[in-house]
Amino acid sequence: MPPSVGLVVYLNGTAGSGKSTVARGLQARWPEPILHVGLDFITAAMPHRFLGHGTDADLGARWVMSDDGRLVRIEAGPFGERLLRGIPRLTAALARAGNHVLVDDVLLYPWRVADVAAALDGVSAHLVEVRCRPETASRRLREREPDRPSGHTEAYYAATYANEHYDLRLDTDAATPDACVDALVAHLRSGVAPTALAAIRAATSRHHD
C-alpha cells in the first residue's frame with residue numbers, strides 16, 4: 001500500500017521576516033516529524049561560484065549592485081531558475097512519499113507563485129505569509145549577517161508580498177515568535193482545508209484562457 005501524502009506548510013517571506021524561527025517552532029511543537037527545506041537549503045547545496053558575485057553567478061543567482069554598494073536586484077540565471085523550480089517539486093515528492101514538509105522560501109519572482117501552485121497540485125499544502133516591516137527585516141539581517149550588503153529587503157520586499165492568496169498570514173512585528181507558532185499550530189489542527197494554491201491555479205488558468 002502506498003504511503004499517505006504528507007502535510008505541506010509553505011512559508012513565504014523576505015529574509016529576516018522570521019520564517020526560520022517559525023519553522024523551528026513548528027518542528028518543536030508538532031507531534032510528528034516535519035522536514036524543513038527551502039531556499040537556504042538549496043543554495044547551501046550550490047557551489048559558491050554560482051552565487052552573489054561568484055565567477056559563474058550569471059548562471060545561478062547574481063547580485064546586481066548600485067554604485068554605492070547596495071543590492072538593486074537578484075538575477076536568476078538558467079541554473080538558478082531550475083533550482084527554484086525544483087524546490088516545490090522536491091517538496092511534492094517528499095510529501096507523496098509520506099513525509100510532512102515545511103518549506104521556507106522567498107517568492108520574489110512573479111512566475112514563482114503560479115509555479116509553486118502547479119507543482120503542489122494534488123498535495124495538501126498550506127501557503128503561509130510571514131511578514132514584518134521592511135525596517136525590522138533589515139535590522140534582523142544586519143544583526144544576523146553583518147557582512148551581507150545592504151538593500152536586500154528593499155530590493156524585493158514588494159515583489160515577495162505581491163501575492164494576495166494565503167491560507168494564513170503571520171505578522172512577526174505584531175506577535176511574538178511563540179504566538180506566531182501558536183497561530184500556525186491552531187490553523188493546522190483546526191482541520192481547515194487549504195485553498196490558497198487552488199485559488200492561484202484558478203487565477204492562472206483564467207489568465208491563460
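Here, each number is a calculation from the coordinates, and none is a lab measurement. Nothing here was measured: the structure is a model prediction, and the numbers come from that model. Here Cβ is always computed from backbone atoms with ideal geometry, including for glycine, and neighbour counts include all displayed protein chains.
Across the stretch 187-200, rounded Karplus estimates of 3J(HN,Hα) from the backbone phi angles (6.51 cos²θ - 1.76 cosθ + 1.60, θ = phi - 60°) give 4, 5, 6, 5, x, 5, 6, x, 10, 4, 5, 5, 5, 5 Hz, Gly and Pro being marked x.
Quick check on the exposure proxy: order Asp105, Asp171, Asp147 from fewest to most C-beta atoms within 10 angstrom. Provide the component values of the computation, followed by the final result.
Values: Asp105 23, Asp171 16, Asp147 5.
Least crowded to most crowded, the residues run Asp147, Asp171, Asp105.
About the centre of its Cα atoms, the chain shows a dipole size close to 280 debye [charges on the beta carbon of Lys, Arg (+1) and Asp, Glu (-1) only; nearest 20 debye].
Quick one: of the DSSP bridges fully inside the chain, what percent are antiparallel, nearest 5? Let's see the in-between values first.
Details: 5 of 26 bridges.
The antiparallel fraction comes to roughly 20 percent.
Look at the alpha carbon pairs under 8 Å that are at least 6 residues apart: their mean separation over the length of the chain gives a relative contact order of 31 percent.
Rounded to the nearest 10 degrees, the inclination of helix 78-96 to the longest alpha-carbon principal axis of the chain is 20 degrees.
If you take the charge dipole of the stretch 110-182 about its Cα centre, with +1 on Lys and Arg Cβ and -1 on Asp and Glu Cβ, which of Val123, Leu141, Cys180 is farthest toward its positive end? About the Cα centre, the residue reaching furthest to the positive side is Leu141. Think of the stretch 53-114 as a dipole: +1 on every Lys or Arg Cβ, -1 on every Asp or Glu Cβ, centred on the Cα centre; then among Asn99, Gly54, Val72, Asn99 lies furthest on the positive end.
Pairs of alpha carbons in the chain separated by more than 25 Å make up 38% of all such pairs. From its DSSP helices (H runs of at least four residues, each -39,500 (n - 2.57)), the chain gives a residue-normalised ellipticity at 222 nm of -13500 deg cm²/dmol.
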